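Structure first, then comments.
The values are calculated or read from the model by the stated rules, or taken from the named source; none is laboratory data. Bear in mind the structure is a predicted one, so any value in this text is a computation, not a measurement. Ideal geometry is used to build each Cβ from the backbone, glycine not excepted, and the neighbour counts take in all protein chains shown. Side chains are part of the model used for accessible areas, which takes the heavy atoms of the whole protein and leaves out ligands, DNA and RNA. Shrake-Rupley method; radii C 1.70, N 1.55, O 1.52, S 1.80 Å.
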Amino acid sequence: MTFRLSTDGPRTAMLLAAGEGRRMMPLTADCPKPLLKVGGQAMLDRSLDRLQEVGVEKVIVNACYLGDQIAAHLAPRQQPVVEIIHEKTPLETGGGVKGALPLLGAAGFFVINGDSLWVDGIKNTLQRVAAAWDDATMDVLLLMQPLARVFGSVQRGDYMMSPDGRLTRRAERQVAGFCYIGVSILHPRLFADCPAGAFSLNVLYDRAEAAGRLFGIAHDGLWYHVSRPEDLAHANGMFARGHEPETPYF
């Protein structure tokens, strides 16, 4: 089934797939992390399928570590149209997206981490994110998971979120109520006067926060933080059980 977003919804997306996935060693010694499988399907394919469902027409994928494997894996794919950017040296998340800007258009676009692994709640997740986007007030919209419903090795959370969705990054020793789960909409204007070369998107998130233009939306489904081999094993077990917890809630 193909969902159709509003006329203002993103039609382009960026998938971040250039990292080494060092914490996933030894599994990533000869396989890029986004191609590791959960429930029999590569995590990268899961995100591409979800983007296709909501009518995204073009996806830019950056590749660096074992990039030839990513290119070969994606070569047979017809929809959405995939264009690969090969980075000679890692540009991190911010530099990677900045390099793709000429291909992403002038409007807001999805950015998804290559290892982001979510399960929809009542509604389609990407539809919910697109519906929450407000071009007039936002430069960044992040999909957030309540800390109480996080599976995996996340301890303190990333942001606090106000009732109107504005995000505030937690202080060093603070515990925040929400984790960023690797799905967002960014506007190209966010990259005005951004650093050259490699840099983290966090630099731009902080800039947007200071301007009052960093927002979040709470995810209403499940998310699996897949950082280490044991996280991947846990996620595969949960998918095999239909996401039923190992220990009953009651």
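Taken over the stretch 81-97, the residue count meeting the criterion of being without any contact (Cβ under 8 Å) to a residue 60 or more places away in the chain and not charged (D, E, K, R) is 5. Looking across the stretch 73-111 at every residue that is in a loop (DSSP other than H, G, I, E, B) and open to solvent by less than 40 Å² (accessible area, probe 1.4 Å), the one that is farthest from Ala17 (Cα to Cα) is identified as Gly108. One residue stands out in the stretch 156-195 among those that are in contact (Cβ under 8 Å) with a residue 60 or more places away in the chain and out of contact with any strand residue (DSSP E or B) (no Cβ under 6 Å at 6 or more places or on another chain): the one that is nearest to Leu103 (Cα to Cα), namely Pro188. Of all residues in the stretch 112-143, those being open to solvent by 40 Å² or more (accessible area, probe 1.4 Å), assigned to a loop (DSSP other than H, G, I, E, B) and of a type outside the set (Lys, Arg) number 7. Candidates are the residues of the stretch 191-221 that are under 17 Å from the mean Cα position of the chain (by Cα) and of a type in the set (A, V, I, L, M); the one that is nearest to Pro34 (Cα to Cα) is Leu201. If you go through the stretch 8-29 and keep only what is small (Gly, Ala, Ser) and modelled with pLDDT of 95 or more, you end up with Ala13, Ala17, Ala18, Ala29.
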